[in-house]
Structures are given as C-alpha cells and as structure tokens.
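Structure first, commentary second.
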Amino acid sequence: MTGKKRVRVVVVLPFLSGEGGTEAVVNEWMSYFKKTSNFDVSFLLPQGSMRDHWYTESESVKVFRFAQVFRNVHFLRNFFGALWLALKILSTSADEVICLSTKLIYEVSYLQRIFHKKFKLVSWIHFSLRHGQDINLEDLKKADFHLAISSGIQSQMRQIGIEESKIRRIGNPVSKAEHIIPSSTDSLIRFVYSGRVFVDGQKNLRELVSGLAELNKYSKRWTLDVFGDGPDMAEFKALMTRKGIFDQVILHGWVKHPFEQLSNADCLVLTSKYEGFGMVLAEAIARGVPVISSDCPTGPADIVNENNGYLYKPGSVRMLTEKLILIVGGKKKFNHKLLPETVSEFYSDSYFKRLEKSLVYFSH
C-alpha cells in the first residue's frame with residue numbers, strides 16, 4: 001500500500017469482562033496495528049470494561065472512565081456510554097467503523113445518519129448468530145460489511161439474506177508457540193479445560209463431567225486440569241463430587257496464561273453448546289496439544305480435524321466418552337511436534353494479511 005492513503009478505522013467495543021477470547025483477539029489487533037503504517041486504527045470502549053488489565057490505554061485506545069463508575073448499573077453505564085460514543089462518532093473522520101455487537105451497530109448506524117457520516121459500517125461478531133446473547137439479526141443487516149470469524153457464522157449470515165460479497169471470513173489470530181507441550185510421561189493421561197465455568201450455559205460443563213464419569217467405568221487413569229472461574233463454580237464442584245470425579249480434578253482458578261502452567265498435557269476438551277470460533281482449541285493445537293470438541297455452532301469445525309483431534313456430536317455423552325477413551329487408550333498417537341502446522345492458517349502473519357485485504361476492500 002506504499003503511496004496510498006492510510007485506511008482509518010475505528011473499532012467500537014461493547015462492555016467486556018476482561019477475561020475472554022474476544023479480549024485476547026482485540027489485544028492482538030491493538031498490538032499489530034500499533035506497528036503498521038498502512039492503517040490508522042483506534043479503539044473505543046464507551047462502557048469501559050469489567051476488568052481493565054487486558055489492555056493498555058493509549059492514544060489509540062480510548063476508554064470512557066466515567067462509565068467504569070457505573071459498571072454494575074447497566075442503565076446508567078449504557079446511557080452515559082452512548083452519549084460519549086455520540087461525541088466520538090460526531091468528531092470521527094474514519095473510513096470504517098467496526099462494531100462488535102448488534103446493539104452498537106444500531107447505535108452507530110443511527111449516529112451515522114443524523115451526523116451525515118460517510119464511513120462504512122462493519123460488523124465483527126464473536127458468537128454464533130443463533131446462540132449469542134443480545135444478537136438482533138435485523139440490526140446486524142444495518143452494517144455495510146461483515147467480518148466473519150468462522151465459516152459457521154459466514155453461513156448464518158448468508159441464511160439471513162446477507163450477500164456473500166459483503167462478508168469476509170477471517171478467522172481469529174493465534175500466536176505461534178515458542179514451546180511445544182509434550183504428552184504426559186507418567187501413567188496418568190492429563191486432560192485440560194480452559195474457559196469460563198458454566199455448568200449448563202454456553203460451556204456446558206455438565207456434559208464434560210458426565211463424559212469423564214463414564215470414562216471412569218473404562219479407566220481411572222486420568223486427571224483434569226481446570227483453568228477458569230465463573231458463576232457456577234460451587235455447582236460445578238458439587239456436580240463433580242456427586243459424579244465421583246472430584247478427586248481427579250485440579251482447580252487452578254482464573255489464570256492469565258494457562259498453557260504456561262502446563263509442563264505436559266495429553267488433550268484439551270471443550271464441550272460448548274456454541275462458540276464463535278473456539279479460540280482455546282487453536283491455542284492448544286498451536287502448542288502441540290490435541291483436542292476433543294463438540295461440533296457446535298460455530299468454529300470448531302474450522303479448527304479440528306483428524307490430524308489434531310476429534311469432534312463429537314453436541315449433546316452426545318456417549319460419543320464424547322468414546323473420544324475420551326480413544327485418548328486414554330492411545331488408539332491413535334498424535335505427534336505433538338506436528339500439530340502446530342495444522343492451524344497455520346490462523347497464525348498472525350496469515351490472519352492479518354486476510355484482515356488487511358478485507359479492510360482495504362471495505363474502504364473502496
């Protein structure tokens with residue numbers, strides 16, 4: 001893009017917890033665009049964030065701190081955040097404004113009309129359109145273009161009538177690992193879960209517990225490391241106790257870099273009812289750890305294949321148990337050193353090339 005005008009982009013973020021995969025991806029954007037001269041990218045947090053340790057406030061990252069005061073009072077946080085966002089949109093000269101929620105798309109499209117702004121409005125949704133919370137499909141259609149993080153979301157967009165030419169599938173960026181995590185060296189197979197603790201919600205940990213309880217009928221030669229916390233932790237502990245697996249589980253709580261805590265691992269397991277991408281799957285594979293995942297909407301099917309793990313039908317504890325048994329029984333040996341190449345399309349170099357092409361395309 002030498003000699004060409006820089007593409008000016010504003011990314012508007014919803015209220016985030018500060019601990020999820022979305023934050024990790026946004027942080028990758030912040031780091032990358034700080035170093036490139038082809039794009040002028042800034043980030044707006046009109047409602048702040050539940051926790052603010054995941055980003056560094058700078059000239060390109062602007063946070064409405066007053067909204068932080070009302071982080072637990074939704075109405076006031078939304079109201080004051082909307083006023084602050086209106087001032088930012090009024091003063092922007094961006095070529096593109098990217099929104100991470102349909103509510104923000106609605107607000108920004110309204111502001112665009114009343115302020116007579118010419119920027120292109122772009123959606124960047126991080127959950128399945130059919131399952132994510134507070135997704136309004138009619139508001140989604142107000143965007144001029146769409147960044148899809150998985151083929152499943154791309155397909156859902158087509159199903160609601162969005163033209164293929166307005167969608168660009170980019171995936172999510174995954175960093176190459178400096179170290180490969182080897183398989184366990186003792187007699188115990190080491191399973192790993194990393195994510196929020198929801199027993200019957202999105203992460204569906206009841207299914208994981210049920211599968212492991214069934215696995216115990218075949219073999220008790222395993223442990224499970226759990227990295228994460230959430231509102232269902234007490235229920236999760238009680239469920240594991242009732243199912244007789246609690247003594248085989250190590251609860252680490254929330255850890256910023258969970259894979260750095262693992263000297264060895266045999267398989268990461270994800271039993272989600274839905275995802276957007278399934279970032280933790282790609283992160284595990286990039287470090288040489290095979291995975292078992294529900295083939296849920298949307299994302300895992302883009303990442304998991306016969307060379308790096310297993311997919312099973314969501315809701316089928318029997319199929320999940322069969323995959324767990326395959327890992328414990330060693331029926332198929334995964335070469336931990338070869339696994340990282342199976343997710344190479346998501347490594348940052350490839351990802352940001354796709355993203356840059358998309359942003360240039362949207363701006364024309």
Worksheet item: What length, rounded to one decimal in nm, is gained on full extension from L87 through to K256, with 0.36 nm per residue of separation minus their alpha-carbon distance?
Response: 57.4 nm
Discussion item. Students often check this: by mean Cβ neighbours within 10 Å, which of 320-331, 275-286 ranks highest, and how do the rest follow?
Written reply: 275-286, 320-331
Practice prompt. Please list 28-40, 299-311 highest first by mean number of surrounding beta-carbon atoms within 10 Å per residue.
Written response: 299-311, 28-40
Discussion item. How large is the convex hull of the C-alpha atoms of the stretch 213-364 per residue, in Å³?
Written reply: 140 Å³
Worksheet item: What helices does the chain have that are whole DSSP H segments, at least 27 Å long along their own axis by Cα, and with mean Kyte-Doolittle hydropathy of 0.5 or more?
Response: none
Item to complete: Starting from the residue with the highest accessible area, list H126, H131, H364 in decreasing order, probe 1.4 Å.
Response: H364, H131, H126
Item to complete: Would you mind counting up the charge near L45? Only other residues with Cβ under 13 Å from its Cβ, with Lys and Arg at +1 and Asp and Glu at -1.
Response: +3
Practice prompt. For the stretch 142-185, give the magnitude of the charge dipole about the Cα centre (Cβ charges: +1 Lys/Arg, -1 Asp/Glu; no others), in debye to the nearest 20.
Written response: 80 debye
Worksheet item: Using the alpha-carbon centroid of each, what span in Å lies between the stretch 293-328 and the stretch 157-233?
Response: 10 Å
Discussion item. For a quick check of your reading of the filter: which GluC sites (Glu not before Pro) in the stretch 122-213 sit in a DSSP loop and have no more than 16 other Cβ atoms within 10 Å?
Written reply: E163, E178
Worksheet item: Under a plain spin-label model, where a point goes 7 Å from the Cα along Cα-to-Cβ, how far apart in nm are I114 and K220?
Response: 6.5 nm
Worksheet item: Magnitude of the Cβ-charge dipole of the stretch 124-234, K/R +1 and D/E -1, about the Cα centre, nearest 20 debye?
Response: 300 debye
Worksheet item: Taking N as the number of residues in the stretch 55-210, what is its alpha-carbon radius of gyration divided by 2.2 N^0.38 Å?
Response: 1.33
Worksheet item: Which net charge results when you count Lys and Arg as +1 and Asp and Glu as -1 among the other residues whose beta-carbon is under 12 Å from that of E19?
Response: 0
Discussion item. Here are labelled values, (i) 32, 28, 18; (ii) 37, 33, 15; (iii) 38, 22, 19, and one is the computed semi-axes √(5λ) of the Cα gyration tensor in Å for what I pasted. Which one?
Written reply: (iii)
Practice prompt. Quantify, in whole percent, the carbon and sulfur part of the accessible surface of the stretch 153-220 (1.4 Å probe; protein heavy atoms only).
Written response: 45 percent
Item to complete: Could you give me the radius of gyration and the Dmax of the stretch 1-128, taking only the C-alpha atoms into account and expressing both in angstrom?
Response: 14.3, 48
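Over all directions, how big on average is the projection of the convex hull of the alpha-carbon atoms in the stretch 281-364, in square nanometres?
Averaged projected area of the stretch 281-364's Cα convex hull equals 6.4 nm².
To the nearest 500 deg cm²/dmol, what mean residue ellipticity at 222 nm is calculated for the chain from DSSP H runs of n ≥ 4 alone, each contributing -39,500 (n - 2.57), summed and divided by the residues?
Calculated mean residue ellipticity at 222 nm is -11000 deg cm²/dmol.
The values are calculated or read from the model by the stated rules, or taken from the named source; none is laboratory data. Every value quoted in this text rests on a predicted model; they were computed, and no experiment measured them. As a convention, Cβ positions derive from the backbone with ideal geometry for all residues, glycine included, and neighbour counts pool all protein chains shown. Side chains included, ligands, DNA and RNA excluded: accessible areas come from the protein's heavy atoms. Shrake-Rupley method; radii C 1.70, N 1.55, O 1.52, S 1.80 Å.
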